[in-house]
Structures are given as structure tokens and as C-alpha cells.
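Worksheet for the structure shown next.
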Amino acid sequence: MRPLDGITVVTLEHAIAAPFCTRQLADLGARVIKVERPGSGDFARAYDERVRGMASHFVWTNRSKESLTLDVKHAQAKDVLAKLIEGADVLVQNLAPGAAARLGLSYEALRDKHPGLIVCDISGYGDDPLNKGPYRDKKAYDLLIQSESGFLSITGSADEPAKAGCSIADIAAGMYAYTNILSALIQRGRTGKGCRIDVSMLESMVEWMGYPLYYAFDGAMPPPRAGAAHATIYPYGPFTAGDGKTVMLGLQNEREWEAFCRLVLKQPELATQDRFASNSRRVAERQALRALIVEAFASLTAEQVIARLDEAQIANASMNDMQDVWVHPQLKARKRWVEVETPTGPVPALLPPGQNEAFAPRMDSVPALGQHTESILAELGFSRAAIETMQNAKAV
């Protein structure tokens with residue numbers, strides 16, 4: 001038995017934040033019914049064609065779901081949505097602000113008839129009808145929230161900011177939606193009552209910005225942009241070995257600094273030099289120290305550098321590209337890759353982080369657009385003739 005077996009989630013979702021949230025609910029056993037636009041579906045389906053003709057984002061965030069096509073603005077959609085909600089434990093949506101309310105799917109519109117329903121609204125800036133804020137109706141995409149939250153101001157090189165290489169703002173919002181839904185299900189188990197959850201991408205990212213915010217507290221200077229290096233600890237970041245490969249390393253304290261000088265650089269005298277005698281001094285002298293480290297690494301391969309770092313018990317890592325990660329020996333040894341089915345054939349999928357001996361995560365197929373429309377409508381009580389009528393009217 002999985003933790004969410006028997007839980008039904010209905011989701012009006014697109015892009016990343018809500019789909020990432022609901023996929024994780026499906027991982028735990030929830031039945032996730034994904035309502036998609038007829039003909040095109042979730043627009044993330046068309047982002048690219050990198051996975052056997054399917055979009056990389058969509059394959060990542062939509063396994064183990066059922067796809068129901070429905071034109072939610074069509075006159076015949078209201079009855080379908082009402083029947084879906086009757087059997088739902090959770091409703092998730094990340095439509096444009098106010099769109100769910102116009103469809104009669106706000107928590108306020110549903111709570112009297114469905115007191116146990118949990119409604120999770122995901123938006124860019126928050127969609128609380130009582131506390132809208134001046135940004136409520138602004139469009140919010142991942143990169144825009146990275147910028148608005150201050151993330152871009154501390155990420156990149158000294159000359160130019162850089163975005164995160166993955167959809168970090170969407171991921172943050174999806175994770176907070178996921179954990180809030182889990183806590184709401186626990187609370188409902190105690191009280192019998194559902195609730196409304198309002199997740200903001202901006203607030204999710206600002207929470208993750210806690211360290212740089214406090215570092216810049218009361219008007220202080222924020223952490224400088226330092227590329228792949230740490231902005232306020234040194235040496236901590238990428239260094240090139242003699243074979244041209246990059247090694248990441250990080251020092252956390254003075255004991256490690258002494259071991260680094262003695263066992264890795266083979267220059268124990270550096271540990272006692274006043275200009276490098278504390279982390280703040282090493283940060284101030286980072287250019288001079290970097291030159292010394294690069295010079296010491298120039299005669300070594302990346303493998304030799306890592307061997308010395310391991311001997312000194314200094315944290316380190318290889319700078320892997322995507323192909324390296326696909327064949328990462330640690331993931332292979334821990335058997336973290338399995339296969340899931342898709343409409344165009346099986347693909348590898350990473351098991352959800354966190355091993356639990358009590359159950360196996362659900363790892364079912366990525367759905368084709370509308371794959372489950374007829375079966376779900378029949379389950380809801382619609383006759384074959386009624387389904388055909390809706391199909392002919394392009395309601396589904």
C-alpha cells in the first residue's frame with residue numbers, strides 16, 4: 001500500500017509548477033486526473049521533441065497521470081467538472097489568476113458542497129481574493145520570478161547575471177504545493193475538513209533566498225555574483241586541472257584549510273600566512289589564492305586532484321554534463337533508474353528521492369493527450385451517446 005492510495009487529485013494544470021506537484025502526489029499512489037485542452041493539451045507538451053518526439057519537461061512531470069481532454073469553457077464542461085469534483089479529494093490549478101473562480105472552481109464556491117475538499121491554487125504572485133496585492137494579475141514565468149525574487153542579482157559572473165539552468169522558481173512552488181497538500185491531508189484526517197492552499201512562486205523563491213537576504217540585512221552589501229564559486233567562502237568552487245577538466249571543491253573551516261595546503265597543494269607554509277589566515281581574508285585575497293591553486297593543479301589530472309582531495313577529506317565533485325549524469329556510478333549502484341512507458345516507447349526515469357522500505361513508488365506511463373477521456377467519462381456515468389455528443393461538439 002502506498003501512502004496516497006485511494007486519494008483522487010483533479011488538476012487543471014500546465015507548464016511545470018502544478019504538474020511537478022501532482023506528479024509527486026502520483027508517485028505516492030494518488031490517482032491524478034489531468035484536465036487538458038482538446039487538440040493541444042498542456043502547452044508543455046510542445047516545448048520540444050527531445051524524448052522520442054515528446055517534450056522533455058512533459059515527460060519529467062507527467063508520468064502516472066490520466067489525461068482527460070475537456071474544453072472547460074464549453075457549456076457541457078460544467079457537468080463534467082462537477083462530477084469530477086464530487087469524487088476528488090484534492091483540486092489543483094495553476095490557471096491565470098481568477099480563471100478558476102470564473103469557472104466556479106474556487107474554494108469559496110466549492111467548500112459548502114464539498115467540505116472535505118482541499119483546493120490548491122498555484123500562481124506567480126498569490127491569488128488570495130481578500131489580499132490581492134498590486135502584482136496579483138501580472139504574468140509570471142520562471143525566469144521572471146527568478147528576477148523578481150532577487151535570485152538573478154546574486155547569480156552569474158561579476159559582469160553579467162545568469163538564470164538557473166532549470167526551472168527553479170517553478171520547482172520551488174511545486175514543492176511547496178506538494179508539501180502543503182500532504183499536510184492538509186493529514187489535517188483533514190484529524191478534522192474532516194478541507195482547506196484552501198495559496199502557493200505563490202514569488203514567495204517560494206524568496207523563502208529560498210533567505211541566506212542572501214539576511215547577509216544583506218539592514219542595508220548591508222549583498223553577496224557578490226561569483227559564477228560557480230561561493231560568494232562568501234573561499235576556496236569553494238571550480239578549478240581547472242592540468243588535463244583541462246574542472247574539479248569542484250569546497251573548504252568549510254580552518255582544519256580543512258590546513259589539510260588542503262599540506263596534502264593537496266603540497267605547500268604547508270601557505271596555511272600560516274597572515275593573508276590567508278581566515279576565511280574572510282581568503283575571500284579578500286581570492287584572486288591571488290586562485291592563481292596559486294591553479295598553478296598547483298596544472299601538473300595534475302582531474303582524477304589526481306580528486307584523489308588528493310579525498311585523501312585530505314576535502315569535499316569535492318566532478319563537473320558532470322548531462323551524459324555523465326545519465327551514467328553516474330552512484331545512481332547506477334543504488335539502482336535509481338527504472339523504465340516508464342510513454343506513447344512513443346519506454347524511457348528511463350529516476351525513482352523519487354527518498355527510499356522508503358514500506359512501499360514502492362508508483363512509476364506508471366506518461367499519458368497521451370486525452371488517452372483516458374472516454375474511460376473517465378464512462379466512470380462518471382456518461383453514456384456512450386452522451387460521450388459521442390460531447391466529442392462531436394468538441395467539448396472533449
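Where a number appears in this text, it was derived from the coordinates with a stated rule and is not lab data. Everything quoted here is computed from the prediction, not taken from an experiment. No Cβ is skipped: glycine too gets one built from the backbone with ideal geometry, and neighbour counts run over all protein chains shown.
So the values come out like this:
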| item | result |
| --- | --- |
| Loop sites in region 54-141: trypsin sites (Lys or Arg not before Pro), DSSP, at most 16 other Cβ within 10 Å | Lys73, Arg111, Lys113, Lys132, Lys138, Lys139 |
| Rg followed by Dmax, in Å, when region 236-319 is reduced to its Cα trace | 11.7, 32 |
| Partners for Lys113 among aspartates and glutamates (Cα-Cα distance below 12 Å; same-chain residues under 8 apart left out) | Glu86 |
| Per-residue HN-Hα couplings for region 47-54 [Karplus 6.51, -1.76, 1.60; θ = phi - 60°; Hz; x = Gly/Pro] | 4, 7, 10, 7, 10, 6, x, 9 |
| Vicinal HN-Hα couplings computed from phi for region 343-354 (Karplus, 6.51 cos²θ - 1.76 cosθ + 1.60; Hz; Gly/Pro x) | x, 10, x, x, 9, x, 9, 7, 4, x, x, x |
| Per-peptide average of other Cβ atoms within 10 Å, ordering 219-230, 304-315, 31-42 highest first | 31-42, 304-315, 219-230 |
| Residue of Arg196, Arg50, Arg255 that the Gaussian network model of the chain assigns the largest fluctuation, springs spanning Cα pairs under 10 Å | Arg255 |
| Beta bridges by DSSP in the chain, antiparallel share as percent, to the nearest 5 | 40 percent |
| Square roots of 5 times each gyration tensor eigenvalue, C-alpha, region 279-396, largest first, Å | 55, 18, 14 |
| Over 30 Å (Cα to Cα) - which of Lys65/Lys332; Lys34/Lys332; Lys139/Lys332; Lys266/Lys332; Lys139/Lys245; Lys65/Lys335 fall in this group | Lys34/Lys332; Lys139/Lys332; Lys266/Lys332; Lys139/Lys245 |
| Anisotropy class of region 18-61 from Cα gyration tensor, a/c 1.5 cut | oblate |
| Protection proxy ranking, peptides 283-293, 142-152, 344-354, average beta carbon neighbours within 10 Å, highest first | 142-152, 283-293, 344-354 |
| Kirkwood-based Rg to Rh ratio, region 145-296, C-alpha trace | 1.13 |
| Rg/Rg_globular for region 1-40, with Rg_globular taken as 2.2 N^0.38 Å and Rg from C-alpha atoms | 1.21 |
| Cα convex hull volume per residue for the chain (Å³) | 181 Å³ |
| Expected-Rg normalisation [2.2 N^0.38 Å, Cα atoms] applied to region 329-396 | 1.68 |
| Rounded if a/c under 1.5, otherwise prolate or oblate - region 126-230, Cα gyration tensor axes | prolate |
